[in-house]
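Presented below is the structure to which this report refers.
Nothing in this text is a laboratory measurement; each read-out follows from the coordinates by a stated rule. Note that the coordinates shown come from a computational prediction; the quantities given were computed from them, not determined experimentally. Note that each Cβ is placed from the backbone with ideal geometry, even for glycine, and that neighbours are counted across all protein chains shown.
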């Protein structure tokens, strides 16, 4: 199943059997997460590593660098929202991007708020 077809398919409940078992670990590297289409580049996908976490990061890969996609069990939030999880096998030597969104703030404000554990209160 191609990654484009998987990402555009509506039903996430269909399971397909593989006719052969292949060892993708020899020429590929596995990444796990929730797949999403890239917002402006149809030649790329985004893979969100842990979508329900408060510390989110994601990967960006070119579709043509993906050798195979394995469906994994869905994950469910406490609210009942469920997301599909996949393991994608990316060809070794391919370029990818790992992004980690964060909120910018002044370091002094963070220290005043007691965010840094090395700063002791009362001193």
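Couple of notes before you dig in:
- One chain, two ends: residue 60 and residue 81. Fully extended at 0.36 nm per residue, the span grows by 5.2 nm beyond their Cα-Cα distance.
- Stretch gain in nm, segment residue 29-residue 106, where the contour uses 0.36 nm per residue and the Cα spacing is subtracted: 23.9 nm
- Packing-based exposure ordering (other Cβ within 10 Å, fewest first) of 47, 72: 72, 47
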